[in-house]
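So the structure is just underneath, and the comments pick up after that.
Bear in mind that the values in this text are calculations on the coordinates, not laboratory data. Since we're looking at a predicted model, the values are computed, not measured. Please note: Cβ atoms are built from the backbone with ideal geometry, for glycine as well, and neighbour counts cover all protein chains shown.
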Amino acid sequence: MTDDAPLLEVRNLVKHFHVGGGLFGGSAGVVRAVDGVSFAIRRGETLGLVGESGCGKTTTGRCILQLERPTSGQIVFEGRDLTRLGEDELRPVRRKMQVIFQDPYSSLNPRMTVGQIIAEPIAVHGIVADRAQRARRVREILSHVGLLPQHAHRYPHQLSGGQRQRVGIARALAVEPSLIICDEPVSALDVSIQAQIINLLEDLQAQFGLTYLFIAHDLSVVRHISDRVAVMYLGKIVEITDRKSLYDAPLHPYTKALLSAVPIPDPALEAQRERVVLGGEVPSPLNPPPGCVFHPRCPVAIERCRAEVPELREIRPGHRAACILA
Amino acid sequence: MLHSAAVGTLLEVENLQTHFVTRSGVVRAVDDVSWDVDEGETVALVGESGCGKSVSALSIMRLVAGPAGRIVSGRIVFKGRDLLRLSEEAMRRVRGREIAMIFQEPMTSLNPVLTIGRQLTEGLEIHLGMAPVEARRRSVELLGMVGISDPERRLRQYPHQFSGGMRQRMMIAMSLACNPSLILADEPTTALDVTIQAQILELMRDLSRRFGVAMLIITHNLGVVARYADRVNVMYAGRIIERGTARELYAEPRHPYTLGLLRSVPRLDEPRRARLDPIEGQPPDLTRLGAGCAFAPRCTFRVERCVVEIPPLRPVGGRDHVSACWEADNLDRALARSAAAT
């Protein structure tokens, strides 16, 4: 399914939020949630977007979906810049871009049956107008996600966490999208269920030629599912490359620290493992540090890092990192 | 009983049963469970949501919410005394002072309208009878111990002015305040970012070593405790299904559920697999458990006996390694067969 033009291209995306609550009712400051992010996703590809809470990964996803209007930058999807489209023009585009949320408990309407939840977007987008045909379509989609026809009559609270996430996936699939933004789709699930959902996402991708933006904080899961990976820190991409290069030869000190913090379920191995435990915490995006945003926590920072904003540059072919020392 | 008393058993839970009465029936959240913690030892209780691991900790503190929840039987022997026989008054002196607890979400366990300082000094004044000035001095010391800089200023702040990681440090400081001999930590790092998780776990280990505090770490993530636990108990549907030293349990899991958990997660230290091996099916509904092993419906090693008779914990291999599986001795052979088949 891969052709030359990317399915999605994010160009210099910026999203700032103004925070109220200043002492005299004015703006207390600007949160630079996303601060100049660029990447592209090819058709049929999975791009992993990793980072810690507050790094801007979810806001990036919401800007792509146009749930947030970007402060500046472009979101080019199937050749059109979505930031220039009005609400009416966006509606057909929204059908092609779907989202799967982290928490299947709060993202499904408790008063609707599973069948209604899946049928609603099909009706709204006018994909299948006939009611009986729609019911058939719902049953078909249920079987794609590993649920049974009788699940259509259940309510979300009658399902387990894993089954609810399958419903969330079914709802996204219902409108035949080309891009699905998966925002931490397995992190609220039990460990034994996570692998089921990941396998399902991979099967569906192969079957329907889907493209994924996979947002997550779990680096082991991201390695499993992604073709390429971008690492975000404080609103910026600090490293982006193919899966193998990122995990085998990371260039940015933050990526290295993240990788070394991932626990490995093997006490013998853990006992020998050297760990880079990062000091301090992620600074507030209200007041990001000057120079490289990572320098206050960076184990290898030098004087220049305090003053100079490192550019995301190609260090090896296809491997970009924002570190002057890389 | 499980462990020789000579090595200094601090806490011994014997045949504990904690039940909840719900509209759909009685849930045996903790169903005849026995385990123990030695002095200064770090023990893990691992399992998925609903397996009874948190209820186990609440039972020890006697904080199971009644009237729906009730400790039905068993003994919880702490330093030679059965906590279940103590008066409420005596139990209040055990909580916080001798056994402290750390929760997953520090924001909900801290009082938002009291300063950090007040929340720290309160325990010191009530449990240890310290004078306010002395309690203040000790609070400064405690914040320093858990790596919070500028403690004097921090004591005047409120929980919302702390980040998630700092709030968990503050919880650890509170738990250490009265020099307890046991800390129950219920998913202490689950709500935190990966890099902060590492900081908090390292801090807990250092403090446990420095002060000889024993720890019970409750988690759903086998990976998190590999580095920190001396012994690991794996729970499923209200029962312990495997226990062993961390090294043995990870190297040679002898229960299909433990094996399944270890195999279902992608690992950074191994080559990437084309497909993950999930445990199929769902965790069981605890009001509708069958006669046999609760894991049997999901188990690929199942034999006839599994659906009719609950397997007891039996010794397998090394010291203290026990597994509740009829097929525990045949897992290797079955695995070798399936590996040969693929």
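Each 5 Å bin from zero holds the following percent of Cα-Cα pairs in the stretch B:1-147: 2, 8, 14, 18, 18, 15, 13, 8, 4, 1, 0.
Evaluated over the protein assembly as shown, the count of Lys pairs having alpha-carbon atoms less than 18 Å apart is 5 (only pairs 8 or more residues apart or interchain).
Stretching A:HIS157 away from A:ALA206 to a fully extended chain increases their span by 14.6 nm, per 0.36 nm per residue minus the current alpha-carbon distance. Rounded to the nearest 20, the Cβ-based charge dipole of chain B about its Cα centre (Lys and Arg +1, Asp and Glu -1) stands at 420 debye. Computed over chain B with a Gaussian network model linking Cα atoms closer than 10 Å, the most mobile of B:PRO278, B:PRO253, B:PRO151 is B:PRO278. Shielding of peptide A:252-263 by partners, expressed as the average count of other chain Cβ atoms within 10 Å per residue Cβ, is 4.
Computed with the Debye formula from one identical point scatterer per Cα of chain B, without solvent, the log10 of I(q)/I(0) at q = 0.09, 0.10, 0.13 Å⁻¹ comes to -0.52, -0.64, -1.04. Averaging Cα coordinates gives a centre for the stretch A:58-129 and one for the stretch A:163-185; these two points are 11 Å apart. A dipole drawn for chain B from +1 and -1 charges on Cβ atoms has a positive end, and of B:VAL146, B:GLY40, B:ASN15 the residue lying farthest that way is B:VAL146. Site pair B:ARG70 and B:ARG314 shows an inter-label distance of 3.5 nm when each label is modelled 7 Å from Cα along Cα→Cβ.
Legend: Rg and Dmax of the stretch A:8-321, from Cα coordinates, 20.9, 69 Å. Given a 10 angstrom Cα cut-off, can you work out which residue in B:LEU63, B:LEU276, B:LEU84 is the most mobile in a GNM of chain B? Judging by the Gaussian network model, the answer is B:LEU276.
Exposure proxy for A:HIS18, A:HIS151: other Cβ atoms within 10 Å of each Cβ, ordered fewest to most, give A:HIS18, A:HIS151. Relative to one another, the C-alpha centroids of the stretch A:191-251 and the stretch B:119-161 are positioned 43 Å apart. Dipole check for the protein assembly as shown: with +1 at the C-beta of Lys and Arg, -1 at the C-beta of Asp and Glu, and the Cα centre as origin, the magnitude is about 860 Debye. Beta bridges per DSSP, both residues in chain B: antiparallel share near 60 percent. Of the DSSP beta bridges with both residues in the stretch A:8-321, give the percent that are antiparallel, rounding to the nearest 5. Close to 60 percent. Stretching A:SER38 away from A:ASP130 to a fully extended chain increases their span by 28.9 nm, per 0.36 nm per residue minus the current alpha-carbon distance.
Sorted fewest first by neighbouring Cβ atoms within 10 angstrom, A:GLU78, A:GLU239 come out as A:GLU78, A:GLU239. Secondary structure note: in the protein assembly as shown, about 60% of the DSSP beta bridges are antiparallel.
Extension gain, A:LYS244 to A:LEU67, is 60.5 nm, computed as 0.36 nm per intervening residue step minus the present C-alpha separation. Take the Kirkwood radius over Cα pairs of the stretch A:83-214, plug it into Stokes-Einstein at 37 °C and 0.692 mPa s, and you get 219 µm²/s for translational diffusion. Identify which of B:ASP277, B:ASP186, B:ASP320 has the largest mean-square fluctuation in a Gaussian network model of chain B, with springs joining Cα atoms closer than 10 Å. Result: B:ASP277 has the largest fluctuation of those listed. At q = 0.15, 0.17, 0.24, 0.27 Å⁻¹ the log10 of I(q)/I(0) for the stretch A:143-229 amounts to -0.55, -0.71, -1.37, -1.62, computed by Debye summation with a single uniform scatterer per C-alpha, solvent ignored. Magnitude of the charge dipole for the stretch B:33-146, about its Cα centre and with charges confined to Cβ atoms of Lys, Arg (+1) and Asp, Glu (-1), is about 340 debye. If you look at the Cα atoms of the protein assembly as shown, you get an Rg and a Dmax of 26.2, 77 Å. Footprinting exposure proxy ranking of B:VAL146, B:VAL140, fewest other C-beta atoms within 10 angstrom first, gives B:VAL140, B:VAL146.
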